[in-house]
Every structure is written in structure tokens, then in C-alpha cells.
Amino acid sequence: MYKKFVCIFTIILMASFAVISEAEAKDYCIECHKSLEGPAKEPTDKIEGDVHFKRGLSCSDCPGGDPEKEDFTEAKDPANGFVGKPKRNDIPLFCGRCHADPAYMRKFNPNIQTDQLAKYNESQHGKLNREGDQKVAVCISCHDVHGIREKNDPLSPIFITNAPKRCASCHADKEYMKEYSIPTNQMEEFEQSVHGEALLEKGDRGAPACHSCHGSHDAALPRASAIVNICAQRHSLTRDLFAKSPHKRAHDKLGIPECEACHGNHKIARTSDDMLGTGAGGVCVKCHGEDSKGYAVIALMKSAIVELKNDIKDSELIVEDAERRGMEVSDTKFYLDEAKNSLTKSRTYIHTFSKDSVDQITKDGISSAEKAKDKGKKAIGEFNFRRKWLAVVVGIILLLAAALYFKIRGMERA
């Protein structure tokens, strides 16, 4: 009897805890909005994928209120901490209550940055926001509101391959940007650039997006002096070579943006040897006239690179011919690869704007190309030698076979 009583009591107790737990877990904010239609229901459709919701936060952690109150007026009573939807210009401070608090954010991620608000306030967006601009970007313009996802989530609007389109939602809208008197063709140009092709078409997440150059929370127009260091994030050797060149001093003196002066900014084209030299596609002749020393150096550097390219092309034809004949050419290809590496290196070292530096590299490349050519010719010569002596041996065998045939026939007659 006693055991039976204990068993019944335990079941009742567990059922009571279950009811209590269910009541505690009830979030009437979500339950209520789920039952609504239209925009009022939309937050509950998105919240499942929200990074805050996944970390245990819910509706009341932002606008406040009591999610355990089923009654609408009680749940949204200011006495229960309800503050409601913030004004647009107050949103950065609203989000910053948590995101600018290192102690609070450390509970979720000890490595997360907590200086976003400070950076935003120093950005062009932040300055306009403080002036009361109702159109300028705030946190929700980029991150969304209820369905906020982590930046490495492919569904996030700020995922590396999605970020340019998010920026363009404002910056490519001519009507929206009219009052700011800035260009609206950045996205159009970026899509045509080598960077845009890599990021948007090929999905290369190592390629730069808007924030790679302009920053994200601290978005700003890069100053001329900063552009080379922005590009150096991915082109460090080129930056170091340029920094030692005479152009560095000239650009600093004249206030010319370094990389951008030759390569452009949003519409950065794939580089080619046509950009170097005195031809129609050359960028150097924009500054260097025919009677200048720079013009002569340009022509000599271009000539050295063209000579190396032609030598590599000739060597390739010979090596390919030897390979088609079935000859072993792995060692030969090693020298050919060395020549190609020299060509790539010479194209980088033109940023020294030193004829001697480029000459030394192209000479090494030409030497390697010549070695590949000589080895290829020797392989072809060996093939011809083998074929010639094969014909001689086959001829001798045929003669011996014929002599043996006639000898046998003679013996048969006898």
C-alpha cells in the first residue's frame, strides 16, 4: 500500500513539474503573433533562424515586456519593461545596449567584437544618423530585423557573396541616393570587374566585397593615402615593390591614389601586358609623354617582357612536338615552368618601375626557355635518330629474311 502511494505521488509530482515547466516555457509574444496575419505574423516566420533566438533570447529581450502574460495589455505594459519599437535613428544605440557591452557579449562569444557602435558612430552612416537622416543605413538595413543570421551563414544578407547586393539596395538606387550627390554605378562596375567576376560568378569567398575596402560598421570613402594598404591585404608583394619605387614619392607629393590611378576602383579590369607600354591600351602614357625618361623605361620593360613571352611560346611548340613523338620531356618541362614563373614575376616587378629589375628577371626566364628549347630539340633529334636507325635495322632484317628465303627455296629444288 505504501509503495503504491509513493508511486502515485511521484507521478502526480512529475506531472505538476511538467505543467509548471510548460508554463514557464510559454512565450506568449510568439504564440500571439503566430495567430495573426500579414506583417504582424512575419517575425514569427523568421525567428527560428535568428541567431539571437538560437542563443536563447526572444522577443522580450529587445522591446521588453513580459512574455509570460497572456493578456496583450499586461504583456506590453511599460511597468513590465516594455519599451516598444525604437525610432530609426535610435536603432544603433538600441542594438548597442548589448553589442557594445563586452561583459554581456562574452557570455555568448568571448571573441566577438564589441566596438561596432563606436565604429558606426565614426562612419559616414553614423554621422548622417546623428544629424537625423531618416534614410541612412542603420543596423537593420544590413542585418535585417527578426531573421538576423550569422555573417558566415549563406542565407545572411551580409554573407560575403551577398554583401554587394545588400549595399547596392541603397547605393544603386538613383532616386534614393539623389540627395547625397554620389555615384550610383558602383555595383554595375563591380559586376564587370575582375573582383566581381571572382566573387559573384565564381563564388570565390577570398575575393573582396564592398566592406573589404570601405569597412563595414566604420564604412567610409578610403583616402588616397590608405588605398595602397587596402589593396595590400591581398597584393602585399606588389605594395612593397611600389613603396620602394620612385612613383611612391610622386604619388604622395601629388596626392594621387596609388593603385587606383592605374587600375581604377570599382571596375578593376583583369590585368594584361597591354596595360604596360606605349600602345593604345597602355596606362603609363597617361602621365608619361614621349620625350620623358619614364616613357623610354616603359618601352624597354615592355620589350623585355614581350621577348620572354615569345621565347616561351617557341619553346612550348618544340616541347609539345617532342611530347607528341612519345619522348620523355618532364625535365624539359621543368625549365619551361621556370621560364613561365619568371614571366609572372616580371609582371609583378614592373611595379618597381625599374628597367634593371625587370631585365634581370626576364633574362633568367629567357635562359630557362632556351634550356627547354635545347632539350626539346635534342629529344626530337633523338627521336629522328632512333627512327632512322630503326629503318636501317628493319631493312637489314628484311634483306636477311629474303636471303634466307631464297636459300631455302634453292635447297628444296636440289
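The values are calculated or read from the model by the stated rules, or taken from the named source; none is laboratory data. What you see is a predicted model, and the numbers here were worked out from it, not measured in a lab. Cβ sites come from the backbone with ideal geometry, for glycine too, and all protein chains shown count toward neighbours. For accessibility, only protein heavy atoms count, side chains too; no ligands or nucleic acids. Shrake-Rupley method; radii C 1.70, N 1.55, O 1.52, S 1.80 Å.
For segment 262-322, what mean projected area does the convex hull of the alpha carbons give, in nm²?
Answer in nm², one decimal: 5.3.
Under 23 Å Cα to Cα from LYS69, which lysines show up? Leave out anything in the same chain fewer than 8 places away. Candidates past the 8-residue exclusion: LYS26, LYS34, LYS41, LYS46, LYS54, LYS85. Taking the Cα centre of the chain as reference, the dipole from Cβ charges on Lys and Arg (+1) and Asp and Glu (-1) amounts to some 1900 debye. Using heavy atoms of the protein chains and a probe of 1.4 Å, the accessible area assigned to VAL306 is about 60 Å². Of all segments of the chain bounded by GluC sites (Glu not before Pro) found in a DSSP loop with no more than 16 other C-beta atoms within 10 Å, the longest spans 151-289.
The lysines whose alpha-carbon is closer than 29 Å to the alpha-carbon of LYS253, local same-chain residues fewer than 8 away aside, are LYS244, LYS267, LYS286, LYS293, LYS302, LYS345, LYS355.
Averaged over every viewing direction, what's the projected area of the C-alpha convex hull for segment 32-122? Give it in nm², one decimal, please.
Directional mean of the projected Cα hull area for segment 32-122 stands at 7.1 nm².
In this label model, ALA269 and ARG324 are separated by 3.4 nm, measuring between points 7 Å along each Cα→Cβ vector.
Accessible area of ARG97 (1.4 Å probe, protein heavy atoms only, ligands and nucleic acids ignored): about 120 Å².
Determine the per residue accessible area of segment 139-203 with all protein chains present and a 1.4 angstrom probe, expressed in square angstrom.
On a per-residue basis, 60 Å².
Once you reduce segment 352-384 and segment 56-85 to the center of their Cα atoms, the two points are 76 Å from each other. Where q = 0.15, 0.16, 0.19 Å⁻¹, what log10 of I(q)/I(0) comes from the Debye formula for segment 277-414, counting one point per Cα? The Cα Debye sum returns log10 ratios of -0.80, -0.85, -0.99.
Here are some values of Rg and Dmax of the Cα atoms in Å: [x] 36.6, 134; [y] 22.3, 68; [z] 22.2, 73. Which one was computed from this structure? So the structure-derived entry is [x]. Leaving ligands, DNA and RNA out of it, report the carbon-plus-sulfur percent of the accessible area of segment 264-355 at a 1.4 Å probe. About 50 percent, which is the carbon plus sulfur part of the accessible surface. Computed about its Cα centre, the charge dipole of segment 227-292 is approximately 280 debye, with only Lys, Arg, Asp and Glu carrying charge at their Cβ.
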